Amino acid sequence: MMVPVEQAKKLSFNRPISDGDTVIVYERHDSMRAVTVSPVSELQNRFGVFRHSDWIGKPFGSKVFSSKGGFVFLLAPTPQLWTLVLSHRTQILYLPDISFVVSYLEIVPGCIVLESGTGSGSLSTSLARAVAPSGHLFTFDFHEQRASSARADFERNGLTSLITVTVRDIQGEGFPKEHEGSVDAVFLDLPQPWLAIPSASRCLKPDAVLCSFSPCIEQVQRACETLRSSFTDIRTFEVLVRSYEIKEHRFAKSVSEEDGSPVGPPPQKRKQSTLPANKSEKTESNFSVMAKPCSTARGHTGYLTFARLTVLSN
């Protein structure tokens, strides 16, 4: 879950939902939405009408019913769920890339992290959860409106004590000098990341890790050329995940009425029955679990390049 510092907005499955909370209304795995709770509001969907006033006082994770008997689940806005429901102001990172980034950047509670390219705030939310409760994320975006919208989302989810949003062109100006030599990890999501790498190297602590996300391999090649001057252990990954659908299928099996024993596989085309004339058979339903790849699997999103700042010997 998110771990906000502000106790008034602390999200917990043990805390009841209250007026002004953000909840994720879960209809099914591919149909969710973020809703701000208000006692005078209603939610209408294919399952009926749901009054917000009925939600107040219930714990996160509750199953609530409409007047028609339909139901939804009220879930806490964890970083994983928030990534699935947030407004896409820019291209976002999804959970496979996010988990890979947090792991390879070696982010733990208490870390100081710089992010350039706040965008929709998908990664920012997970980075804040990873550094909580004593760390901090400083995220930068050159676009004023995007930065303002992201700041509002972070406030909505009680993360303002963990995230500072600043409007700044990192490609042109670099990171603020106040961060030099004090940062545990840097993440770049920029069209020309090689322009920001020199500034990032001055901010990182010795042996700290940088990550650059780029959708095109040409950007990766150019960034790697710049990284070689100050970084080591340079690696590029593409994270591809294949999801599977698990379904239960029913098929018929022929059974002898005389002794109840199976009489073989279901009849096939042009195959004659081998049962004696004095025996009859009945059909019995059996179930089998089958798995197949999802037809809507997400393909290429981008390349993740990681590099470790070289430790200079005296």
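Worth pointing out:
- Region 161-196: number of residues that are small (Gly, Ala, Ser), under 22 Å from Leu93 (Cα atoms) and not in a strand (DSSP E or B): 1
- The listed residue being farther than 28 Å from Ala128 by Cβ and either of a type outside the set (S, T, N, Q) or at pLDDT 80 or above (or both), out of Phe73, Phe60, Phe47: Phe47
- Candidates are the residues of region 242-256 that are touching a strand residue (DSSP E or B) at 6+ places or on another chain (Cβ under 7 Å) and modelled with pLDDT of 70 or more; the one that is least open to solvent (accessible area, probe 1.4 Å) is Glu245.
- If only residues of region 68-108 that are open to solvent by less than 10 Å² (accessible area, probe 1.4 Å) and over 15 Å from the mean Cα position of the chain (by Cα) are counted, the one that is nearest to Pro198 (Cα to Cα) is Leu105.
- Of all the residues in region 217-236, those that are exposed (fewer than 14 other Cβ atoms within 10 Å of the Cβ) and in contact with a helix residue (DSSP H, G or I) (Cβ under 9 Å, 6 or more places away or on another chain) number 3.
- The residue pairs whose first member lies in region 77-88 and is in contact (Cβ under 8 Å) with a residue 24 or more places away in the chain, whose second member is crowded, with 19+ Cβ neighbours inside 10 Å and in a loop (DSSP other than H, G, I, E, B), and whose beta carbons are closer than 6 Å, counting only pairs six or more residues apart or on different chains, are Pro77/Asn157; Leu86/Ser120; His88/Ser120.
- Per-region count, region 109-126, residues under 20 Å from the mean Cα position of the chain (by Cα) and modelled with pLDDT of 95 or more: 5
- Region 37-135 holds strands (runs of 3 or more DSSP E) entirely within its bounds, and those carrying 1 or more residues that are under 30 Å from Ile170 (Cβ atoms) map to 112-116.
- Whichever residue in region 43-53 is surrounded by 15 or more Cβ atoms within 10 Å (Cβ to Cβ) and not hydrophobic (A, V, I, L, M, F, W, C) and, among such residues, is farthest from Leu127 (Cα to Cα): Gly48
- Of all the residues in region 161-188, those that are polar (S, T, N, Q) and crowded, with 18+ Cβ neighbours inside 10 Å number 1.
- Among residues that are in contact with a helix residue (DSSP H, G or I) (Cβ under 7 Å, 6 or more places away or on another chain), surrounded by 18 or more Cβ atoms within 10 Å (Cβ to Cβ), farther than 20 Å from Leu210 by Cα and not aliphatic (A, V, I, L, M), Gly158 is included.
The values are calculated or read from the model by the stated rules, or taken from the named source; none is laboratory data. Given the structure is predicted, the values throughout are model-derived calculations rather than measurements. Here the Cβ is made from the backbone with ideal geometry for all residues, glycine too, and neighbour counts use every protein chain on show. Note: accessible area is taken over every heavy atom of the protein model, side chains too, but ligands, DNA and RNA are not part of it. Shrake-Rupley method; radii C 1.70, N 1.55, O 1.52, S 1.80 Å.
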